[in-house]
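The values are calculated or read from the model by the stated rules, or taken from the named source; none is laboratory data. Please read all numbers here as calculations on a predicted model, not as lab measurements. No Cβ is skipped: glycine too gets one built from the backbone with ideal geometry, and neighbour counts run over all protein chains shown. The protein model used for the area step is the full one, side chains on, heavy atoms only, and it has no ligands, DNA or RNA in it. Shrake-Rupley method; radii C 1.70, N 1.55, O 1.52, S 1.80 Å.
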Amino acid sequence: MEHCLFCRIAAGTLPTELIYQDEQVIGFRDLHPQAPVHCLFIPRQHITTLNDLTPETDVIMRHLFRGARQIAVQEGIAEDGYRTVINCNVSGGQSVYHLHLHLLGGRSLHWPPG
Ligand code: DGP
């Protein structure tokens with residue numbers, strides 16, 4: 001997956017400051033933040049979209065949310081609240097085809113998201 005942007009970040013060939021890492025997942029700040037706190041959590045393993053989940057990827061999903069929760073606490077947004085988002089495919093607004101969980105917070109977020 002040498003052409004996958006997030007695989008390159010996971011492999012360390014595209015230098016990015018990591019804010020979270022465990023054996024399954026890494027986290028870093030979004031390049032185009034949509035909120036004062038906007039972080040991304042990605043599996044180290046390439047998974048293209050949410051449609052590609054299998055029973056074997058359940059452990060990865062747990063780690064994605066665990067990472068987001070930990071960073072929400074560290075960033076001081078857990079009490080006020082925050083949003084986690086996974087965009088899937090074109091209509092879902094996915095632009096990078098390596099599964100990722102957005103963590104957004106630090107301001108009041110609108111609903112519906114548009
Ligand atoms: P999505 O639209 O759900 O596929 O979100 C992709 C996000 O990835 C988008 O918010 C911008 C972010 N992004 C794209 N390229 C880079 C990059 O090279 N570094 C970082 N940190 N974020 C990126």
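Using the per-residue mean of other Cβ atoms lying within 10 Å as a proxy for protection, in what order, highest first, do the peptides 99-107, 5-13 fall?
Details: 99-107: 21.1, 5-13: 16.3.
Descending packing order for the listed peptides: 99-107, 5-13.
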Report the residues of the stretch 68-88 in range of a label on Arg62: point 7 Å along Cα→C-beta, backbone N strictly under 20 Å from it.
68-72
Only helices counted: for the chain, with every DSSP H run of 4 or more residues adding -39500 (n - 2.57) and the sum spread over all residues, [θ] at 222 nm is -7000 deg cm²/dmol
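Give me the percent of the accessible area of the chain that comes from carbon and sulfur atoms, probe 1.4 Å, all protein chains in place.
Values: 3540 of 6920 Å².
Within the chain, the accessible surface is 51 percent carbon and sulfur.
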Folded to 0 to 90 degrees: helix 58-74 orientation relative to the chain principal axis, Cα
40 degrees
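Counting only heavy atoms of protein chains, what accessible area per residue, in Å², does the stretch 12-114 have with a probe of 1.4 Å? Spell out each step's value before the answer.
On the way: 6130 Å² over 103 residues.
Result: 60 Å² per residue.
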Would you rank Glu2, Glu79 by solvent-accessible area, highest first, keeping every protein chain in place and using a 1.4 Å probe?
Glu79, Glu2
Sort by residue number and name the cysteines in the chain that have no neighbouring cysteine Cβ under 4.7 Å.
Cys39, Cys88
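For Thr49 and Asn89 in one chain, what is 0.36 nm times their gap in residues minus the Cα-Cα distance, to one decimal in nm? Intermediate values should be presented prior to the final figure.
Numbers: separation 40, 0.36 × 40 = 14.40 nm, distance 0.70 nm.
Extra length available between Thr49 and Asn89 comes to 13.7 nm.
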